[in-house]
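The values are calculated or read from the model by the stated rules, or taken from the named source; none is laboratory data. Since this is a predicted model, take the numbers as computed values, not measurements. Quick reminder, even Gly has a Cβ in these numbers, built from the backbone with ideal geometry, and neighbours come from all protein chains shown.
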Amino acid sequence: MSQTTNSHEPVRTGLVGFGFGARVFHAPFLAAVPEIHLSHIVQRSSDTALVAYPEAQIVRSMEELLEDEAVELVVITTPNHTHFPLAKQALEAGKHVVVDKPMCETSSEAEELLLVARSTGKVFSVFHNRRWDGDYLTVCEIVRQGLLGAVHEFNSHFDRYKPQLKQGSWKEEPGPGTGMLFDLGSHLIDQAIHLFGLPQRLFADLRTQRPGSRIEDHFDVTLDYGRLKANLRCGTLVREKPPRFHVLGELGAFVKFGMDPQEASLMAMDVPRWHPRHGLDEEATWGLLHTDINGLTVRGKVETKLGDYRNYYRNVAAAIRGQEALVVKPEQVVKLMKILELARQSNEEARWLPVTL
(Lines give C-alpha, C1' and ligand atoms only; values in the text may rest on other atoms or scores of the structure.)
Protein backbone atom coordinates (compact mmCIF):
# COMPACT_ATOMS: atom_id res chain seq x y z
CA MET A 1 0.00 0.00 0.00
CA SER A 2 1.22 3.49 -0.78
CA GLN A 3 1.85 5.90 2.10
CA THR A 4 1.45 9.67 1.80
CA THR A 5 1.86 12.50 4.29
CA ASN A 6 -1.53 14.14 3.67
CA SER A 7 -3.52 11.12 4.83
CA HIS A 8 -6.69 13.09 5.60
CA GLU A 9 -6.83 15.14 2.40
CA PRO A 10 -9.00 14.10 -0.57
CA VAL A 11 -7.00 12.56 -3.39
CA ARG A 12 -6.67 15.18 -6.11
CA THR A 13 -7.69 13.43 -9.31
CA GLY A 14 -7.40 14.15 -13.03
CA LEU A 15 -9.88 12.50 -15.41
CA VAL A 16 -8.50 11.84 -18.89
CA GLY A 17 -11.26 12.05 -21.48
CA PHE A 18 -14.91 12.98 -21.16
CA GLY A 19 -16.75 10.57 -23.43
CA PHE A 20 -19.57 8.19 -22.49
CA GLY A 21 -17.51 6.12 -20.07
CA ALA A 22 -16.16 9.15 -18.23
CA ARG A 23 -19.53 10.91 -18.02
CA VAL A 24 -21.55 7.86 -16.85
CA PHE A 25 -19.14 5.49 -15.12
CA HIS A 26 -16.33 7.60 -13.68
CA ALA A 27 -17.06 11.28 -13.08
CA PRO A 28 -20.33 10.74 -11.11
CA PHE A 29 -18.60 8.35 -8.71
CA LEU A 30 -15.40 10.36 -8.41
CA ALA A 31 -17.51 13.40 -7.51
CA ALA A 32 -19.57 11.43 -4.98
CA VAL A 33 -16.67 10.03 -2.96
CA PRO A 34 -15.54 12.48 -0.25
CA GLU A 35 -12.09 10.91 -0.20
CA ILE A 36 -11.53 12.07 -3.81
CA HIS A 37 -11.46 15.56 -5.31
CA LEU A 38 -12.08 15.67 -9.07
CA SER A 39 -9.75 18.57 -9.69
CA HIS A 40 -8.86 18.27 -13.40
CA ILE A 41 -10.48 16.99 -16.60
CA VAL A 42 -8.59 16.55 -19.86
CA GLN A 43 -10.64 17.77 -22.84
CA ARG A 44 -8.62 18.56 -25.92
CA SER A 45 -10.97 21.05 -27.61
CA SER A 46 -14.12 21.47 -25.52
CA ASP A 47 -15.26 22.73 -22.13
CA THR A 48 -18.48 20.69 -21.92
CA ALA A 49 -17.32 18.99 -18.71
CA LEU A 50 -17.66 22.31 -16.89
CA VAL A 51 -21.45 22.10 -17.20
CA ALA A 52 -21.46 19.15 -14.81
CA TYR A 53 -18.24 19.88 -12.91
CA PRO A 54 -17.67 23.66 -12.84
CA GLU A 55 -15.20 23.30 -9.97
CA ALA A 56 -12.81 21.23 -12.11
CA GLN A 57 -9.99 22.72 -14.13
CA ILE A 58 -10.00 21.88 -17.85
CA VAL A 59 -6.60 21.02 -19.30
CA ARG A 60 -5.87 20.31 -22.95
CA SER A 61 -3.33 17.52 -22.83
CA MET A 62 -2.02 14.61 -20.80
CA GLU A 63 1.30 16.41 -20.54
CA GLU A 64 -0.32 19.47 -18.98
CA LEU A 65 -2.12 17.28 -16.46
CA LEU A 66 1.03 15.38 -15.48
CA GLU A 67 2.99 18.59 -15.00
CA ASP A 68 0.69 19.58 -12.12
CA GLU A 69 2.40 18.20 -9.01
CA ALA A 70 -0.82 18.55 -6.99
CA VAL A 71 -2.54 15.86 -9.10
CA GLU A 72 -2.10 12.50 -7.37
CA LEU A 73 -4.41 10.12 -9.24
CA VAL A 74 -4.95 9.91 -13.01
CA VAL A 75 -8.08 8.12 -14.31
CA ILE A 76 -7.81 7.06 -17.97
CA THR A 77 -11.09 6.62 -19.89
CA THR A 78 -9.84 6.99 -23.45
CA PRO A 79 -10.10 4.31 -26.22
CA ASN A 80 -8.60 0.91 -25.46
CA HIS A 81 -5.54 1.26 -27.69
CA THR A 82 -4.42 4.30 -25.65
CA HIS A 83 -4.62 2.61 -22.24
CA PHE A 84 -1.10 1.20 -22.30
CA PRO A 85 0.87 4.30 -23.38
CA LEU A 86 -1.15 6.71 -21.22
CA ALA A 87 -1.05 4.52 -18.11
CA LYS A 88 2.69 3.98 -18.51
CA GLN A 89 3.23 7.70 -19.02
CA ALA A 90 1.25 8.58 -15.90
CA LEU A 91 2.95 5.95 -13.72
CA GLU A 92 6.40 7.07 -14.86
CA ALA A 93 5.40 10.66 -14.03
CA GLY A 94 4.83 9.55 -10.44
CA LYS A 95 1.02 9.42 -10.46
CA HIS A 96 -1.30 6.76 -9.11
CA VAL A 97 -3.37 5.37 -11.98
CA VAL A 98 -6.81 3.90 -12.64
CA VAL A 99 -7.44 2.73 -16.20
CA ASP A 100 -10.78 1.69 -17.63
CA LYS A 101 -11.19 -1.93 -18.67
CA PRO A 102 -9.75 -3.66 -20.54
CA MET A 103 -6.42 -2.91 -18.90
CA CYS A 104 -4.76 -2.69 -22.32
CA GLU A 105 -4.71 -4.63 -25.61
CA THR A 106 -2.36 -7.52 -24.82
CA SER A 107 -1.10 -9.47 -21.82
CA SER A 108 2.48 -8.45 -22.63
CA GLU A 109 1.47 -4.79 -22.28
CA ALA A 110 -0.33 -5.68 -19.04
CA GLU A 111 2.80 -7.32 -17.63
CA GLU A 112 4.88 -4.27 -18.54
CA LEU A 113 2.44 -1.94 -16.79
CA LEU A 114 2.57 -4.17 -13.71
CA LEU A 115 6.38 -3.91 -13.66
CA VAL A 116 6.24 -0.12 -14.05
CA ALA A 117 3.72 0.19 -11.22
CA ARG A 118 5.90 -1.95 -8.96
CA SER A 119 9.04 0.02 -9.80
CA THR A 120 7.35 3.37 -9.10
CA GLY A 121 5.53 2.17 -5.99
CA LYS A 122 2.30 3.76 -7.16
CA VAL A 123 -1.22 2.39 -6.79
CA PHE A 124 -2.39 0.99 -10.12
CA SER A 125 -5.83 -0.50 -10.67
CA VAL A 126 -8.30 -1.32 -13.44
CA PHE A 127 -11.93 -0.20 -13.28
CA HIS A 128 -13.68 -3.51 -12.70
CA ASN A 129 -16.65 -1.73 -11.19
CA ARG A 130 -19.03 -4.63 -11.77
CA ARG A 131 -17.67 -6.42 -8.73
CA TRP A 132 -19.97 -3.88 -7.05
CA ASP A 133 -23.10 -4.77 -9.06
CA GLY A 134 -25.91 -5.48 -6.62
CA ASP A 135 -26.94 -8.72 -8.34
CA TYR A 136 -23.36 -10.02 -8.36
CA LEU A 137 -22.91 -9.12 -4.69
CA THR A 138 -26.10 -11.07 -3.97
CA VAL A 139 -24.83 -14.13 -5.84
CA CYS A 140 -21.52 -13.92 -3.95
CA GLU A 141 -23.32 -13.88 -0.61
CA ILE A 142 -25.57 -16.81 -1.52
CA VAL A 143 -22.54 -18.85 -2.60
CA ARG A 144 -20.48 -17.76 0.41
CA GLN A 145 -23.20 -18.81 2.83
CA GLY A 146 -23.52 -22.20 1.11
CA LEU A 147 -27.24 -21.73 0.51
CA LEU A 148 -27.03 -23.77 -2.70
CA GLY A 149 -24.60 -26.36 -1.37
CA ALA A 150 -21.70 -27.15 -3.67
CA VAL A 151 -22.19 -25.12 -6.87
CA HIS A 152 -21.86 -27.12 -10.06
CA GLU A 153 -23.06 -24.64 -12.71
CA PHE A 154 -22.74 -20.86 -12.90
CA ASN A 155 -24.47 -19.10 -15.81
CA SER A 156 -23.78 -15.40 -16.34
CA HIS A 157 -25.31 -13.49 -19.27
CA PHE A 158 -24.78 -9.90 -20.39
CA ASP A 159 -27.11 -9.69 -23.38
CA ARG A 160 -28.32 -6.72 -25.39
CA TYR A 161 -30.43 -6.00 -28.44
CA LYS A 162 -28.43 -3.57 -30.57
CA PRO A 163 -28.68 -4.66 -34.22
CA GLN A 164 -27.48 -1.32 -35.59
CA LEU A 165 -23.78 -0.58 -35.75
CA LYS A 166 -22.55 2.59 -34.08
CA GLN A 167 -21.05 4.38 -37.05
CA GLY A 168 -17.69 6.02 -36.45
CA SER A 169 -17.14 4.35 -33.10
CA TRP A 170 -13.69 2.94 -32.34
CA LYS A 171 -15.50 0.09 -30.58
CA GLU A 172 -16.73 -1.14 -33.98
CA GLU A 173 -13.21 -1.32 -35.42
CA PRO A 174 -11.41 -4.70 -35.32
CA GLY A 175 -8.27 -4.90 -33.24
CA PRO A 176 -6.56 -6.78 -30.43
CA GLY A 177 -8.43 -4.85 -27.72
CA THR A 178 -11.88 -4.40 -29.24
CA GLY A 179 -14.93 -6.62 -29.59
CA MET A 180 -17.43 -7.86 -27.03
CA LEU A 181 -15.01 -10.33 -25.45
CA PHE A 182 -12.63 -7.58 -24.33
CA ASP A 183 -15.48 -5.15 -23.62
CA LEU A 184 -18.13 -7.03 -21.65
CA GLY A 185 -16.32 -10.35 -21.46
CA SER A 186 -13.66 -8.76 -19.29
CA HIS A 187 -16.38 -8.03 -16.70
CA LEU A 188 -17.97 -11.48 -16.80
CA ILE A 189 -14.66 -13.32 -16.60
CA ASP A 190 -13.42 -11.04 -13.82
CA GLN A 191 -16.58 -11.74 -11.80
CA ALA A 192 -16.24 -15.50 -12.30
CA ILE A 193 -12.57 -15.74 -11.32
CA HIS A 194 -13.11 -13.35 -8.41
CA LEU A 195 -15.83 -15.70 -7.12
CA PHE A 196 -14.35 -19.11 -7.99
CA GLY A 197 -10.66 -18.55 -8.73
CA LEU A 198 -8.79 -19.59 -11.86
CA PRO A 199 -10.29 -22.43 -13.94
CA GLN A 200 -8.46 -25.55 -15.05
CA ARG A 201 -9.25 -25.01 -18.73
CA LEU A 202 -11.51 -23.00 -21.02
CA PHE A 203 -13.38 -23.14 -24.30
CA ALA A 204 -14.60 -20.15 -26.30
CA ASP A 205 -16.93 -19.63 -29.26
CA LEU A 206 -16.73 -16.10 -30.68
CA ARG A 207 -18.99 -14.95 -33.49
CA THR A 208 -19.88 -11.97 -35.64
CA GLN A 209 -23.65 -11.84 -35.95
CA ARG A 210 -24.81 -8.31 -36.81
CA PRO A 211 -24.92 -7.52 -40.55
CA GLY A 212 -21.88 -5.47 -41.48
CA SER A 213 -20.14 -5.94 -38.14
CA ARG A 214 -16.35 -6.24 -38.16
CA ILE A 215 -15.90 -7.32 -34.55
CA GLU A 216 -16.97 -10.35 -32.55
CA ASP A 217 -20.32 -9.26 -31.12
CA HIS A 218 -21.29 -12.58 -29.54
CA PHE A 219 -19.34 -14.89 -27.25
CA ASP A 220 -19.78 -18.07 -25.28
CA VAL A 221 -16.93 -18.80 -22.89
CA THR A 222 -16.91 -21.86 -20.63
CA LEU A 223 -14.56 -22.00 -17.65
CA ASP A 224 -14.03 -25.54 -16.40
CA TYR A 225 -13.31 -26.00 -12.68
CA GLY A 226 -13.81 -29.75 -12.62
CA ARG A 227 -17.16 -30.40 -10.99
CA LEU A 228 -18.11 -26.74 -11.51
CA LYS A 229 -18.42 -25.04 -14.87
CA ALA A 230 -19.03 -21.35 -15.49
CA ASN A 231 -20.87 -20.43 -18.70
CA LEU A 232 -20.36 -16.79 -19.67
CA ARG A 233 -22.31 -15.39 -22.58
CA CYS A 234 -22.91 -12.10 -24.37
CA GLY A 235 -25.10 -11.42 -27.39
CA THR A 236 -26.06 -8.21 -29.19
CA LEU A 237 -29.14 -9.62 -30.95
CA VAL A 238 -31.02 -10.80 -27.85
CA ARG A 239 -34.44 -9.16 -27.80
CA GLU A 240 -35.85 -11.34 -25.02
CA LYS A 241 -33.28 -11.56 -22.24
CA PRO A 242 -32.49 -14.80 -20.37
CA PRO A 243 -31.59 -14.61 -16.68
CA ARG A 244 -28.66 -12.39 -15.81
CA PHE A 245 -27.55 -15.10 -13.36
CA HIS A 246 -28.63 -18.73 -13.07
CA VAL A 247 -26.66 -20.60 -10.42
CA LEU A 248 -27.18 -24.31 -9.70
CA GLY A 249 -25.97 -26.25 -6.68
CA GLU A 250 -26.54 -29.61 -5.06
CA LEU A 251 -29.22 -28.11 -2.78
CA GLY A 252 -31.00 -25.76 -5.15
CA ALA A 253 -30.90 -22.85 -7.56
CA PHE A 254 -30.81 -19.07 -7.73
CA VAL A 255 -32.24 -17.22 -10.74
CA LYS A 256 -31.93 -13.47 -11.28
CA PHE A 257 -33.36 -11.46 -14.18
CA GLY A 258 -32.55 -7.86 -15.05
CA MET A 259 -29.37 -5.80 -14.95
CA ASP A 260 -27.88 -3.80 -12.12
CA PRO A 261 -29.73 -0.44 -12.36
CA GLN A 262 -26.82 1.96 -11.83
CA GLU A 263 -25.86 2.37 -15.50
CA ALA A 264 -29.42 2.85 -16.76
CA SER A 265 -30.22 5.33 -13.98
CA LEU A 266 -27.24 7.51 -14.80
CA MET A 267 -27.79 7.28 -18.56
CA ALA A 268 -31.33 8.60 -18.09
CA MET A 269 -30.02 11.85 -16.61
CA ASP A 270 -29.03 14.88 -18.70
CA VAL A 271 -26.19 15.44 -16.26
CA PRO A 272 -25.35 12.11 -14.60
CA ARG A 273 -25.04 12.50 -10.84
CA TRP A 274 -24.86 9.71 -8.29
CA HIS A 275 -27.75 9.11 -5.88
CA PRO A 276 -28.08 6.11 -3.51
CA ARG A 277 -31.37 5.11 -5.16
CA HIS A 278 -29.46 4.33 -8.36
CA GLY A 279 -28.22 1.10 -6.80
CA LEU A 280 -31.64 -0.07 -5.60
CA ASP A 281 -33.08 -3.00 -7.53
CA GLU A 282 -36.85 -3.06 -8.00
CA GLU A 283 -38.67 -5.84 -6.16
CA ALA A 284 -40.06 -7.12 -9.47
CA THR A 285 -36.54 -8.18 -10.51
CA TRP A 286 -35.31 -9.59 -7.20
CA GLY A 287 -33.85 -13.05 -7.63
CA LEU A 288 -35.59 -16.35 -6.86
CA LEU A 289 -33.94 -18.75 -4.42
CA HIS A 290 -35.17 -22.36 -4.29
CA THR A 291 -33.18 -24.52 -1.88
CA ASP A 292 -33.15 -26.58 1.32
CA ILE A 293 -32.13 -24.94 4.60
CA ASN A 294 -31.93 -26.95 7.82
CA GLY A 295 -34.39 -29.57 6.56
CA LEU A 296 -36.87 -27.05 5.18
CA THR A 297 -37.54 -26.37 1.50
CA VAL A 298 -37.44 -22.63 0.83
CA ARG A 299 -38.62 -20.96 -2.36
CA GLY A 300 -38.93 -17.20 -2.55
CA LYS A 301 -37.50 -13.83 -3.51
CA VAL A 302 -34.19 -12.55 -2.24
CA GLU A 303 -33.81 -8.79 -1.97
CA THR A 304 -30.91 -7.66 -4.15
CA LYS A 305 -28.01 -6.18 -2.26
CA LEU A 306 -27.32 -2.50 -2.89
CA GLY A 307 -25.04 -1.93 -5.85
CA ASP A 308 -22.58 0.91 -5.39
CA TYR A 309 -19.73 1.69 -7.78
CA ARG A 310 -18.53 4.39 -5.37
CA ASN A 311 -16.97 1.61 -3.31
CA TYR A 312 -14.43 0.96 -6.06
CA TYR A 313 -13.11 4.51 -5.80
CA ARG A 314 -13.39 4.57 -2.02
CA ASN A 315 -11.02 1.60 -1.95
CA VAL A 316 -8.60 3.19 -4.44
CA ALA A 317 -8.45 6.36 -2.34
CA ALA A 318 -7.90 4.32 0.84
CA ALA A 319 -5.12 2.34 -0.86
CA ILE A 320 -3.41 5.56 -1.96
CA ARG A 321 -3.57 6.85 1.62
CA GLY A 322 -2.20 3.57 2.96
CA GLN A 323 -5.41 2.75 4.84
CA GLU A 324 -6.60 -0.38 2.97
CA ALA A 325 -5.30 -3.04 0.65
CA LEU A 326 -6.24 -2.52 -2.98
CA VAL A 327 -9.21 -4.71 -3.98
CA VAL A 328 -8.79 -4.80 -7.78
CA LYS A 329 -5.10 -5.60 -8.00
CA PRO A 330 -3.14 -5.32 -11.26
CA GLU A 331 -1.77 -8.84 -10.73
CA GLN A 332 -5.34 -10.15 -10.95
CA VAL A 333 -6.02 -8.24 -14.15
CA VAL A 334 -2.82 -9.46 -15.81
CA LYS A 335 -4.18 -12.99 -15.36
CA LEU A 336 -7.54 -11.84 -16.74
CA MET A 337 -5.79 -10.46 -19.83
CA LYS A 338 -4.12 -13.83 -20.39
CA ILE A 339 -7.48 -15.59 -20.09
CA LEU A 340 -8.98 -13.21 -22.68
CA GLU A 341 -6.16 -14.10 -25.07
CA LEU A 342 -6.62 -17.80 -24.36
CA ALA A 343 -10.30 -17.42 -25.21
CA ARG A 344 -9.44 -15.99 -28.62
CA GLN A 345 -6.92 -18.76 -29.18
CA SER A 346 -9.49 -21.37 -28.17
CA ASN A 347 -11.95 -19.95 -30.69
CA GLU A 348 -9.35 -19.94 -33.46
CA GLU A 349 -8.27 -23.51 -32.75
CA ALA A 350 -11.77 -24.78 -31.82
CA ARG A 351 -10.50 -26.66 -28.79
CA TRP A 352 -10.25 -26.61 -25.02
CA LEU A 353 -7.10 -24.92 -23.70
CA PRO A 354 -5.53 -25.43 -20.26
CA VAL A 355 -5.28 -22.39 -17.99
CA THR A 356 -1.78 -22.49 -16.51
CA LEU A 357 -1.00 -19.00 -15.24
* Asked: Counting only residues that are in contact with a Ser or Thr (Cβ under 8 Å, 6 or more places away or on another chain) and among the hydroxyl-bearing types (Ser, Thr, Tyr), which one in region 132-189 is nearest to GLY212 (Cα to Cα)?
  -> TYR161
* Structure fact -> For LEU148, the lone unmet condition from (1) more than 18 Å from ASP260 (Cα to Cα); (2) surrounded by fewer than 20 Cβ atoms within 10 Å (Cβ to Cβ) is (2)
* Sort through GLY168, GLY121, GLY149, GLY94 and tell me the only one that's in contact (Cβ under 8 Å) with a residue 12 or more places away in the chain, in the same structural domain as ASP281 (by TED's automatic domain parsing) and small (Gly, Ala, Ser). => GLY149
* To do: Out of the residues in region 238-254 that are under 22 Å from the mean Cα position of the chain (by Cα) and among the aliphatic types (A, V, I, L, M), state the one that is nearest to VAL151 (Cα to Cα).
  => VAL247
* Asked: Identify, please: which residue in region 167-217 is over 14 Å from LYS335 (Cα atoms) and among the β-branched types (Val, Ile, Thr) and is, among those, surrounded by the fewest Cβ atoms within 10 Å (Cβ to Cβ)?
  -> THR208
* **The lone exception for ASN315 - which of (1) in contact with a helix residue (DSSP H, G or I) (Cβ under 7 Å, 6 or more places away or on another chain); (2) farther than 21 Å from VAL143 by Cβ it fails** => (1)
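Each row is one residue, and each column tells you yes or no for (1) more than 25 Å from GLY258 (Cα to Cα); (2) in contact (Cβ under 8 Å) with a residue 24 or more places away in the chain; (3) among the aromatic types (Phe, Trp, Tyr); (4) not in a strand (DSSP E or B).
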site	(1), (2), (3), (4)
GLY300	no, no, no, no
LYS305	no, yes, no, yes
ASP308	no, yes, no, yes
LYS335	yes, yes, no, yes
ALA343	yes, yes, no, yes
ASN347	yes, yes, no, yes
* Asked: Out of (1) more than 30 Å from PHE18 (Cβ to Cβ); (2) among the aliphatic types (A, V, I, L, M); (3) crowded, with 18+ Cβ neighbours inside 10 Å, what's the single condition that is false for LEU237?
  -> (3)
* Considering every residue within region 19-28, establish whether at least one is outside the structural domain of PRO176 (by TED's automatic domain parsing) and in a loop (DSSP other than H, G, I, E, B). => yes
